[in-house]
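Shown next, in structure tokens, is the structure this report addresses.
The values are calculated or read from the model by the stated rules, or taken from the named source; none is laboratory data. If you're wondering where the values come from, they're calculated on a predicted model, not measured in any experiment. FYI the Cβ positions are ideal-geometry reconstructions off the backbone, even for glycines, and counts take in every protein chain you see.
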Amino acid sequence: MHLEYTPEQDAFRAEVRAWMEAHVPKEPLVTLECREGYDQHVEWERTLASGNWGMVTWPEAYGGRGLDLIQWLIFEEEYFRAGGPNRANQNGIFLLGPTIMEFGTDEQKKRFLTPMAKGEVIWAQAWSEPGAGSDMAAISSKAVRDGDHYVITGQKTWSSRAAFADWGFGMFRTDPESKRHKGLTFILFDINSPGITRRPIRQLHGDTGFAELFFDEVRVPVENCLAGEGEGWNVAMATAGFERGLMLRSPGRFQATAKRLVDLYRTHEAEASPAAREAVLQAWMSAQAYAYNTYAVAAKIMAGGKIGAEASLNKIFWSELDRSMHRTAMQLLGAHAELKRFDDGSVNQWLEGYIFSLSGPIYAGSNEVQRNITAERMLGLPRVGAG
Amino acid sequence: MDMLLTEDQLALAETVRNYLAGTHGPEVLRRLDADGNRDPAIWQGLVDMGLTGLLVPEAQGGLGMGLVDAALIAAECGRACLAEPLVDTAFVGVPGLLAQGKTDQLADVAAGRVTLPLSHAINPWVADGAGVAIKSVDPMRNLAASANDNADPHLLNLGALMSAAQLVGLADAMLHLAVEYAKIRTQFGQPIGAFQAIKHQLATCAVAIEFAKPVVWQAAQALQDGRDSAAVHVSHAKVAATDAAILTAETAIQVHGAMGYTYEVDLHFWMKRSWALAGAWGSRAFHLKRVDDAVLGGALPIGPEHTFA
Ligand SMILES: Cc1cc2nc3c(=O)[nH]c(=O)nc-3n(C[C@H](O)[C@H](O)[C@H](O)COP(=O)(O)OP(=O)(O)OC[C@H]3O[C@@H](n4cnc5c(N)ncnc54)[C@H](O)[C@@H]3O)c2cc1C
């Protein structure tokens, strides 16, 4: 174990810092969950790509920089230090990208990865259905083979960014006789294909963060299928591992929130309770613990290891940390907590953050499901029913 | 920058784990509890493995290893609920002496001939020292009254760090005991471990433990490196490990039902050691205060770019 960065790592940090300081928008962007904000965020993806920062860990051939995971962590730290915007393409770069890297053909890698890294194509994840939330094996949207195409019929829901995004990656039942995990196929589709209707859904905060997608005999070429027909479940489990595991929520995000919380506490110290003070310290400690753990996982992966059921522990930890940090901030803000904008006109980001933090324990596999997985796969407790 | 525990480090810890699992199981704890609570044969076994000399420099007949290695082994001692004063002597006392440049006793420590009862102002007792006996809730702890005027901050950090390391091992062991019990105890026609209320509580313990561990290892390295900020990292480790162990202790007894409330079921040995070490070498409140002084006091830089400040 070495707790010192190498001179090369320090130089890389300085490079990222300089670029971020020069390019991160001074004013926070409008929320990603509306047309105007979405466009601003896509613009930001392209600005990032212009500096070749789209996805630093990917090979240069696919629009990346071929960097290792420690450099990725440094990049993320500097990204959040600079207050970088949410990534419009997060489901593409953090979830689908690594999945294509693992399961895609060379042709698919060339076709999909570079435009993703460059922010030219924004992706939405289309797994959930009205009848298939936690129980994803209950997916019923169908993809029927017809020559060189699949014909898709059915409905997806809660698809983040799908109100505006370009492409989607979904799970569809290709074998009509199949049950549960078998007979599902992972298919990439252009959301502007004829037969797809998007219906935006208003979220808790009032904006349209996600959308329903209705498929009416949508024709998708067979070459858009990832790994083979019927392999969908295995592919999706790998994607879910990326989602819960290392990349979706890097530690810098929570360390930045913890630091802002410390600053907020300082301005409310006179009236704050000792309990609030302890919650603030807990925020710093937990965000740091998450960072140390992520560095340890990164080191393990770089040494050839894999993440298994720990991905579930990770997801539980960051989502509950995020919620408790924002809850603490809301308590410190008192009567200002409900205000959408503060007196100086700035957006109440704690309120927005608190609302969003309430979804963390639900998306990416609910925390109840993660606790089931932890108990059964890591601790070896008996499985009963479908849990 | 590298948070990796090397294969050698993990292999050594595993060797110690297997050795203790084979020679220091629950039946040994019960025997010790009934009969004098120390056993020269157990001590000799630890000496023979080289553990008393782990941190003693090679020149004095030791292995010359570092605090991360020691913390990993201290966790194994916690897992086994080891009663012999190995951690105090070899992982706290030895580096404490080394930091003061005192090497004359080290060869004897490495050879197992001398133990180092540690007196410090933070504790109202000396463990395994001479003096009027004081009773601990932990039947395996031998405490004695002492003057305790030593205020050496480095010794305090070493004691707190190694307590934290033992606590994560204790927590692991209690989680394991509860999981194994939940697999075999049946009610309502199924193992209680199939009930989600049980699963989820145990999963929550696993989260607390897994996220306390890297805090402890990183604190060990920070102290080894002599970083200015080492004290706050040690305190963070003590708080995180204490919380994980106390949560797991309370959960484990709940999962055992009334069985957990008996002296007969072994869980109590681990639980009581956890209570003892939670308070030893600075309480949770003491260590939280040190984190507070650094973080809210402003001495420690915080934020995403200061992960390893
Ligand atoms: C902000 C947000 C963004 C999202 N983005 C996307 C997206 O981009 N693409 C996409 O496909 N989906 C997305 N989702 C959907 C998300 O994946 C689902 O909400 C999630 O899988 C849970 O499914 P559900 O909402 O149907 O809840 P349900 O499955 O109905 O669960 C309701 C409650 O029951 C509990 N429960 C369910 N099963 C069990 C069990 N076996 N044991 C114990 N408790 C159980 C759950 O934990 C939860 O508390 C998003 C959701 C949110 C909130």
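Tabulated results
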read-out	value
Scope the range A:268-319; condition of a type in the set (Val, Ile, Thr) and either modelled with pLDDT of 95 or more or outside any helix (DSSP H, G or I) (or both); matching residues	A:Val280, A:Thr294, A:Ile307, A:Ile316
Scan of the range B:146-197 for residues that are polar (S, T, N, Q) and more than 22 Å from the chain's Cα centre (by Cα), ordered by number	B:Ser146, B:Thr186, B:Gln187, B:Gln190, B:Gln196
Among (1) part of a helix (DSSP H, G or I); (2) crowded, with 18+ Cβ neighbours inside 10 Å; (3) not acidic (Asp, Glu) - the single one A:Ala61 does not satisfy	(2)
Selection within the range A:176-203 - modelled with pLDDT under 95 and touching a Leu at 6+ places or on another chain (Cβ under 8 Å)	A:Ser178
Residue that is under 25 Å from B:His306 (Cα atoms) and either within 16 Å of the ligand (Cβ to nearest atom) or out of contact with any Leu (no Cβ under 7 Å at 6 or more places or on another chain) (or both), where the choices are A:Met302, A:Met378, A:Met325, A:Met285	A:Met285
The range A:72-90 - residue that is part of a helix (DSSP H, G or I) and more than 10 Å from chain B (Cβ to nearest Cβ) and, of those, surrounded by the most Cβ atoms within 10 Å (Cβ to Cβ)	A:Phe75
Candidate set from the range A:29-52 (those that are in a loop (DSSP other than H, G, I, E, B) and out of contact with any helix residue (DSSP H, G or I) (no Cβ under 7 Å at 6 or more places or on another chain)); member that is surrounded by the fewest Cβ atoms within 10 Å (Cβ to Cβ)	A:Asn52
Some residue of the range A:225-234 being within 15 Å of the ligand (Cβ to nearest atom) and touching a residue at least 60 places away in the same chain (Cβ under 8 Å)	yes
Long-range neighbours under 7 Å by Cβ, at least six apart or interchain, first residue more than 10 Å from every other protein chain (Cβ to nearest Cβ) and among the small types (Gly, Ala, Ser) within the range A:359-385, second near the ligand (Cβ under 9 Å from one of its atoms) and assigned to a loop (DSSP other than H, G, I, E, B)	A:Ser366/A:Ser134
Residue count, the range A:122-145 (criterion: touching a residue at least 60 places away in the same chain (Cβ under 8 Å) and more than 8 Å from the ligand (Cβ to nearest atom))	5
Yes/no for B:Asp172 being among the charged types (D, E, K, R) and farther than 20 Å from B:Ala203 by Cβ	no
The range B:74-89, subset among the hydrophobic types (A, V, I, L, M, F, W, C) and either over 9 Å from the mean Cα position of the chain (by Cα) or on the phi > 0 side of the Ramachandran plot (or both), residue surrounded by the most Cβ atoms within 10 Å (Cβ to Cβ)	B:Cys81
Lone unmet requirement of (1) small (Gly, Ala, Ser); (2) at the interface with another protein chain (Cβ under 9 Å from one of its Cβ atoms); (3) without any contact (Cβ under 8 Å) to a residue 40 or more places away in the chain for A:Ser312	(3)
Among the residues listed as A:Gln71, A:Gln90, the single one being in contact (Cβ under 8 Å) with a residue 60 or more places away in the chain, among the polar types (S, T, N, Q) and within 14 Å of the ligand (Cβ to nearest atom)	A:Gln90
Residue among B:Val126, B:Val132 that is surrounded by fewer than 18 Cβ atoms within 10 Å (Cβ to Cβ) and more than 14 Å from chain A (Cβ to nearest Cβ)	B:Val132
Any hit, the range B:269-281, residues being more than 10 Å from chain A (Cβ to nearest Cβ) and part of a loop (DSSP other than H, G, I, E, B)	yes
Evaluation of B:Ser235 against (1) within 8 Å of another protein chain (Cβ to nearest Cβ); (2) touching a Gly at 6+ places or on another chain (Cβ under 9 Å); (3) within 29 Å of B:Pro117 (Cβ to Cβ) (one fails), failing number	(1)
In the range B:168-205, the residues that are of a type in the set (A, V, I, L, M, F, W, C) and under 23 Å from B:Ala276 (Cβ atoms)	B:Val168, B:Leu170, B:Ala171, B:Ala173, B:Met174, B:Leu175, B:Leu177, B:Ala178, B:Cys205
The range A:263-276: number of residues that are within 8 Å of chain B (Cβ to nearest Cβ) and buried (at least 18 other Cβ atoms within 10 Å of the Cβ)	1
Of residues in the range B:7-37 being assigned to a loop (DSSP other than H, G, I, E, B) and at pLDDT 95 or above, the one farthest from the other protein chains (Cβ to nearest Cβ)	B:His24
Residue check for A:Arg383: outside the structural domain of A:Ile307 (by TED's automatic domain parsing) and either more than 22 Å from A:Leu204 (Cα to Cα) or within 16 Å of the ligand (Cβ to nearest atom) (or both)	yes
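Here is a yes/no grid of residues against (1) under 20 Å from B:Val207 (Cα atoms); (2) within 13 Å of the ligand (Cβ to nearest atom):
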| residue | (1), (2) |
| --- | --- |
| A:Trp318 | yes, no |
| A:Arg341 | no, no |
| A:Trp350 | no, no |
| A:Gly360 | yes, yes |
| A:Val369 | yes, yes |
| A:Asn372 | yes, yes |
